[in-house]
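All remarks here apply to the structure that follows.
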Amino acid sequence: MFRKITFLILLFTAFWGHSQNAQLSPLSKISLLTVGTGEDLAAKFGHSAIRLQDPTLGIDEVYGYGTYDFEDPNFYLNFTRGKLSYTISRIPFKYFDYSYQQEKRWIREQVLDVDLEQRNQIVTFLEHNLLPENKKYKYDFLFDNCATRIPLVFEKTLGSTFNFDYDYLENQLTFRELIRLKLNPNSWSNFGIDLALGSVIDREATPYEHLFLPIYVYEQMKHTTLDGKPIVKKQSVILDIPEQEYRSLIFLTPLFWLSILLVLVCYITYTDYKNLRRNKWLDFGLFAVTGLAGALILFLWFGTDHLATKANFNSLWAFAPNIVIAFMMIKKQIPAWMITYIIFLTILLGITCILWIFKIQVFSILLIIVLLALAIRYLYLIYYFKSKHLTKK
């Protein structure tokens, strides 16, 4: 305990004087920790952190940039609006290790080949980030997260001789393809992400931008040099837990429920066609749900600071004005312009497919079921309203 207190006093003195560095012992080590994926959506993409060990000073601490406070009274509001502040934290390694044992997630360590002066510079930089006025930063899932901060730390402390070699990347992927690497296509999390994130993530990520995923930071460090030599001196597995494949029961998956929706729409539309009638409550439900989804998409696009939710063409099939139209669909008298409106909606479905074909935006594969259900109902409504010769209003 005395040694740890001494170390902290030295660090405080260094920052106060602005001219000194942290004073580690020659036996100290700096390493990169990479954590495997977990069951929760927040854990699906892994985690990156920096470990400091100094047996002389009795220190074994982990610095991580992925900390957030659930107790913040505005947590959910700030998260939704893209204004959530994350912080750097420092915890004893034994707690770090224990937490991932409980979550059944592997931990891999890469000890870095950096000299004592460089180790001091890294720790001084991290401790400076821990100061109350510096510790918070505005989180961005793609461009400023726990993984992207790790290369920045080394770039700012190790200088121009710290170099990445991207030749190991056989294929450069889009952001969406990278996100999907760890997600089951038939999961609500994957479906929801594809619904919420826009066309901006369908561009090819640069090799450096691949580093928003911890596993790519881990792989990149194997192909990174310092002063022309590999920066990774030693690799080891601290916690060897096979990565688990999490599967939901079939009746809890989006494919199951969307298939039921399609069957229901087909059956009701067929019976409506045979009897030349219209199920008002089916129409109300379809228009209300697509309208609410569209309103959410527009809010994420224009009402938040999230970069990944911009230019989201899910707003074509999930058309926000449908919220208002939903309440008109339960009335007996329908205005004549409704035919034109539904033809317009059908055209929007076609435009969605064209954007998909040309990969301007890649949608969830499950969206095929939704588009098919909407197309069947829209085409029937056009036929029905024309048969009924709607009166002008």
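The values are calculated or read from the model by the stated rules, or taken from the named source; none is laboratory data. Treat the numbers as computed from the prediction; the structure is a model and nothing was measured. Don't worry about glycine lacking a Cβ; one is built from the backbone with ideal geometry, like all the others, and counts go over all protein chains shown. Quick note on the areas: whole protein, heavy atoms, side chains included, nothing else; ligands and nucleic acids left out. Shrake-Rupley method; radii C 1.70, N 1.55, O 1.52, S 1.80 Å.
Which condition from (1) part of a loop (DSSP other than H, G, I, E, B); (2) among the β-branched types (Val, Ile, Thr); (3) surrounded by fewer than 17 Cβ atoms within 10 Å (Cβ to Cβ) is the one that residue 114 breaks?
(3)
Say whether the condition of being β-branched (Val, Ile, Thr), free of Cβ contacts under 8 Å to residues at least 24 places away in the same chain and assigned to a helix (DSSP H, G or I) is met by at least one residue in the range 373-388. So that I can check it myself, show each step before the final result.
Taking the range 373-388 and keeping what is β-branched (Val, Ile, Thr), we get 376, 382.
From what is left, the residues that are free of Cβ contacts under 8 Å to residues at least 24 places away in the same chain are none.
Taking every residue of the range 373-388 in turn, none turns out to be β-branched (Val, Ile, Thr), free of Cβ contacts under 8 Å to residues at least 24 places away in the same chain and assigned to a helix (DSSP H, G or I).
Here is a yes/no grid of residues against (1) of a type outside the set (D, E, K, R); (2) modelled with pLDDT under 80; (3) crowded, with 17+ Cβ neighbours inside 10 Å:
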position	(1), (2), (3)
6	yes, yes, no
34	yes, no, yes
83	no, yes, no
101	yes, no, no
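Within the range 219-233, is there a residue that is under 15 Å from residue 141 (Cα atoms), open to solvent by less than 30 Å² (accessible area, probe 1.4 Å), in contact (Cβ under 8 Å) with a residue 12 or more places away in the chain and not in a helix (DSSP H, G or I)? Break it down stepwise before answering.
Here is the first cut: in the range 219-233, the ones under 15 Å from residue 141 (Cα atoms) are none.
Looking for residues that are under 15 Å from residue 141 (Cα atoms), open to solvent by less than 30 Å² (accessible area, probe 1.4 Å), in contact (Cβ under 8 Å) with a residue 12 or more places away in the chain and not in a helix (DSSP H, G or I), one finds none in the range 219-233, hence no.
Please work out if residue 365 is outside any loop (DSSP other than H, G, I, E, B) and under 24 Å from residue 177 (Cα atoms).
Values: outside any loop (DSSP other than H, G, I, E, B): no; under 24 Å from residue 177 (Cα atoms): yes.
Answer is no for this residue.
Considering only residues of the range 242-270 that are within 14 Å of residue 374 (Cβ to Cβ) and of a type outside the set (Val, Ile, Thr), which is least open to solvent (accessible area, probe 1.4 Å)? Explain how you work it out, then say what you get.
Filtering the range 242-270 for residues within 14 Å of residue 374 (Cβ to Cβ) gives 258, 261-262, 264-266, 268-269.
With of a type outside the set (Val, Ile, Thr) added as a condition, the list becomes 258, 261-262, 264, 266.
On the way: 258: 19, 261: 52, 262: 36, 264: 85, 266: 54 Å².
So, considering only residues that are within 14 Å of residue 374 (Cβ to Cβ) and of a type outside the set (Val, Ile, Thr), the one least open to solvent (accessible area, probe 1.4 Å) is 258.
When residues of the range 145-163 are filtered for being surrounded by fewer than 18 Cβ atoms within 10 Å (Cβ to Cβ) and touching a residue at least 40 places away in the same chain (Cβ under 8 Å), how many remain? Let's see the steps before the verdict.
Applying the first criterion (surrounded by fewer than 18 Cβ atoms within 10 Å (Cβ to Cβ)) to the range 145-163 yields 152, 155-156, 159-161, 163.
Then keep just the ones that are touching a residue at least 40 places away in the same chain (Cβ under 8 Å); that gives 161, 163.
Number of matching residues: 2.
Inspect all residues belonging to the range 253-266 and state whether any of them is assigned to a helix (DSSP H, G or I), over 29 Å from residue 389 (Cα atoms) and at pLDDT below 95.
no
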